[in-house]
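Taken together, the values in this text are just the output of simple stated rules run on the coordinates, not laboratory data. Since this is a predicted model, take the numbers as computed values, not measurements. When we count neighbours, we look across all protein chains shown, and the Cβ atoms used for this are built from the backbone with ideal geometry, even at glycine.
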Amino acid sequence: MDAGSTPTSTIFLVLRRLRPPLIVLIVIFAVSVLGLTLVPGPPDANGAIQRLSFFHATYFFSYTATTIGFGEIPYAFSEQQRLWVTLCIYLSVIGWAYTLGTVFAMLQDKNFLNAVAVQRFSRQVRRLREHFFLVCGYGETGRLICKALDELGYRAVVIELDEAKVGDLELQSYSADMPALCADAGKPDTLIFAGLTSRYCRGVIALTNDDNTNLAVAIAARLLAPALPALCRAEHADTVANMASFGTRHIINPFEKFGEYMALALHSPAAYNLLLWLTGLPGTTITRHREPPRGKWVLCGYGSFGKVMTEALENADLPVSIIDRAPPADPAHTWVKGDGTGTEALRAAGIADAVGIVAATGNDVNNLSIVVTARELNPRLFTVLRQNQVANRALFDAFESDFAMVPSEIVSHECLAILTTPLLAPFLDTVRHADSAWAKTLLDELTGRFGWDVPAVWSVAINLPQAPSVYRMLMRHEQPLRLTDLLRTPVTDRPALPCRALLLLREGDPPRLLPDDEQEIRLGDQILFVGSERGRKDLALTLFNGHTLKFVLTGQDSPSGLVWEWLAARRQAREAARA
Amino acid sequence: MNLEKVIFGFFIVFAATLNFGFFIGDIDNPVHHDIYELFAAIVVNLIATVLKFGDRTQIGAVHLATSLVADLQLLAAAMVWGYTIHVAGTGLTAGAMSSIVSLSGGALFANVISVVILMAETIMQRR
């Protein structure tokens, strides 16, 4: 039996396995009791042979077979009876040994344990009464995502094929319990157990290191839960095309993503830094990079990542020399045969007059060897390093490359940005296409105000569930509400909230980028904010609490509660009468 | 022919026949109802019940239910017997005997249902 069976089948499995030992026990019991009633006992006072009745035989054998042993009841047995009882005792021992052996073997049986684990897991998921994300694959990326989701206060349900990694998840000290199952995420049944069709599921994230499994998750999500956003990692171009063909909402290819980053960094460093700052993992600080220089570049390892990087560099009109063992498919490139770890190939590719090097092979040790050798030949080189295994982080940190391409981090940044703040994606698109002067002004303004620590980025919809107090106020049509009125801290003197509106979406209007303070807020608006965590909490209080909203707007503390409201109204009336 | 099916059918029919054998006769006459036959009926019924464990089909569930009913009725009959002889100490009166036999009659009804289901299942197989 596998994870695909229904949860109730565990009990059937137990019953089916217990059939033979139970029958053996019944037969032994029956034979022993029957024998006891037939075997002649000692003669009674009149000399007549006594026999045990069924009642006494059942009683005697019940305590004998269970090794309680009260002795010979109701009278001292005859020798024939003792002979029979001796036989029965050994029979019953065999029966019990067989039964217990079967039970213990079943408890240790892999299938049985698996069935129990599946049952417990699906019960845990069914009892979840808060929104959760379904994470398939708890590798390096999955771990980063789960940690970030936990910090953001979301629950996650994890499916992972590797038992060791599931054990690792149990050891992590997350603030909320994360149900995890060791199973193949590619099977639709597993996904259903994990709550794919639950109304509390907010999204599916497929991060396994197998493109086919990710594809299977994508299509299962598309068919079983079409309304859910699905985020799928894909490393091969054909998988990307396949996923796109049936409308997977978000396909994340770490290589292409990094190629885009690189292109952005070449095109507009400020926009690149802004992007990093906005999508960083919560609780981290962004370190600024040297700007990638313009000039000749050398690239080692022309694989799928190498291709993307070559394209990014060539689109920026930078010449690239490729070092690889095999010639590139497009003969237009300058190609040097070799693996780049030795000096000859690097020299032949013109490392002396190059400005940058990309180490893009699939082997971490080779990548490090390439950049160390290249730096010795040309110390001013800008280095871009591909890191394949998170386990090698210490080595990569020690080298201090200018850019490090860590697939797991890129995928997790992207996932979090999409999942937690849906408005961020359109804003980031604008940043990618904006000119660099605009990006630089915005970056300087924001980092000057909030520092280089990754800020809180959140979106707010002006509707009943997300902003009840503002909704009620706007429904009364009392006065127009401006952004600057709302963005104040609910303390004495009402200083401005440490946050900034980045984007305002209104139905029927084009998106408003960086709305100014005088912007009027209407019902149904969606606003993207960036700011400090405290600013986010204060704004949430204002949006939810009518009294806080009133204080923020007017600076007056209004009385709350029937009695105090009545007293305040009386006092106002008296003052009005006196005036 | 399937050995498992033979054993399964054997125990179900055997449980019903033993039950019938005990039940038949004057309801209040102890001479017509043998205690060893009751004992055999109980044991065979219990084995039949265990054989029905772990079947996930609808018919399997009804099979198991009828067997559990028969077990319950027969065990109740045995308890009444034991009580009248050993606890009440009145010996096998006509009243006690008729209640024992009527309990086993209930079990017989459940066993008949079991046999009917078995036959229906067999006829539906068409092989």
Contour minus Cα-Cα span, A:R288 to A:I94, at 0.36 nm per residue, comes to 62.3 nm
If you place +1 on the Cβ of every Lys and Arg and -1 on the Cβ of every Asp and Glu, how big does the dipole about the Cα centre of region A:455-554 come out, in debye to the nearest 20?
-> 280 debye
Step through the residues of region A:139-155 one at a time and calculate ³J(HN,Hα) from phi using the Karplus curve (6.51 cos²θ - 1.76 cosθ + 1.60, θ = phi - 60°), rounding each to whole Hz and writing x for Gly and Pro.
-> x, 5, 5, x, 5, 4, 5, 4, 4, 5, 4, 4, 5, 7, x, 9, 8
Neighbour-count ranking [beta-carbon atoms within 10 angstrom, fewest first] of A:W458, A:W84 | A:W84, A:W458
Dipole in debye (nearest 20) - the protein assembly as shown, about Cα centre, beta carbon charges: Lys, Arg +1; Asp, Glu -1 = 1240 debye
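For B:L64, what is the net charge nearby, where nearby means another residue's Cβ is under 15 Å from its Cβ and Lys, Arg count +1, Asp, Glu -1?
+1
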Within a 10 angstrom radius of each residue's Cβ in B:43-50, how many Cβ atoms of other chains show up on average? Whole number is fine.
-> 5
Over 26 Å between Cα atoms, which of A:K147/A:K537; A:K307/A:K337; A:K165/A:K307; A:K147/A:K257; A:K110/A:K187 qualify?
-> A:K165/A:K307
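When the chain is fully extended, how far beyond the present Cα-Cα distance does A:I68 get from A:E518, taking 0.36 nm per residue of separation?
153.2 nm
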19 Å reach of a label modelled at A:A76, 7 Å along Cα-to-Cβ, counting backbone N of region A:33-58 = A:40-52
For region B:35-50, in residue order, the Karplus 3J(HN,Hα) values (coefficients 6.51, -1.76, 1.60; θ = phi - 60°; whole Hz; Gly and Pro = x) are 5, 5, 5, 4, 4, 4, 4, 4, 4, 5, 4, 4, 5, 4, 4, 4
A:D109 to A:D189: extension gain in nm, 0.36 nm per residue of separation minus the Cα-Cα distance?
-> 26.6 nm
Angle between the Cα long axis of helix A:407-420 and the longest principal axis of chain A, 0 to 90 degrees, nearest 10?
-> 90 degrees
Consider a paramagnetic label point 7 Å from the Cα of A:E130 along Cα→Cβ; state which residues of region A:192-206 have an amide N under 17 Å from it.
-> A:199-203
For region A:304-435, the convex hull over Cα atoms projects on average to an area in nm² of 9.5 nm²
Using alpha carbon centroids, what distance separates region A:362-434 and region A:456-479, in Å?
-> 40 Å
Could you list A:L15, A:L416 in order of exposure, starting from the residue whose Cβ has the fewest other Cβ atoms within 10 Å?
-> A:L15, A:L416
In range of the label at B:I123: residues from region B:7-35 whose backbone nitrogen is under 13 Å from the point 7 Å along Cα→Cβ = none
Region A:533-579 and region A:61-115: distance between their alpha carbon centers, rounded to Å | 78 Å
Average beta-carbon neighbours from other chains, 10 Å sphere, peptide A:13-24 = 4
Computed over chain A: longest principal axis from alpha-carbon atoms vs helix A:436-450 long axis, angle to nearest 10 degrees, is 60 degrees
Could you tell me which of A:T430, A:L87, B:V62 has its Cα farthest along the dipole of the protein assembly as shown towards the positive end, charges placed at Cβ (Lys, Arg +1; Asp, Glu -1), taken about the Cα centre?
-> B:V62
Which value in nm describes the separation of the simple spin-label points at A:T441 and A:L541, placed 7 Å from the Cα toward the beta carbon?
-> 3.4 nm
Kirkwood-based Rg/Rh on the Cα set of region A:455-554 evaluates to 0.92
Restricting to chain A, what percent of DSSP beta bridges are antiparallel, rounded to 5?
-> 35 percent
Reachable lysines from B:K5, Cα under 21 Å, same-chain residues fewer than 8 places away excluded?
-> B:K52
Could you work out the helix-only [θ] at 222 nm for chain A, with each DSSP H run of four or more residues adding -39,500 (n - 2.57) and the total divided by the number of residues, to the nearest 500 deg cm²/dmol?
-> -16000 deg cm²/dmol
Per residue of A:32-43, what is the mean number of Cβ atoms on other protein chains within 10 angstrom of that residue's Cβ?
-> 1
Considering the options A:H267, A:F246, A:F551, tell which one lies farthest towards the positive end of the dipole of the protein assembly as shown, charges being +1 on Lys and Arg and -1 on Asp and Glu at the Cβ, about the Cα centre.
-> A:F551
Calculate one ³J(HN,Hα) per residue across region A:574-579 by plugging θ = phi - 60° into the Karplus curve 6.51 cos²θ - 1.76 cosθ + 1.60, and present them in order as whole Hz with x for glycine and proline.
-> 5, 5, 5, 5, 5, 5
What angle do you read, to the nearest 10 degrees and between 0 and 90, between the alpha-carbon axis of helix A:364-377 and the longest principal axis of chain A?
-> 30 degrees
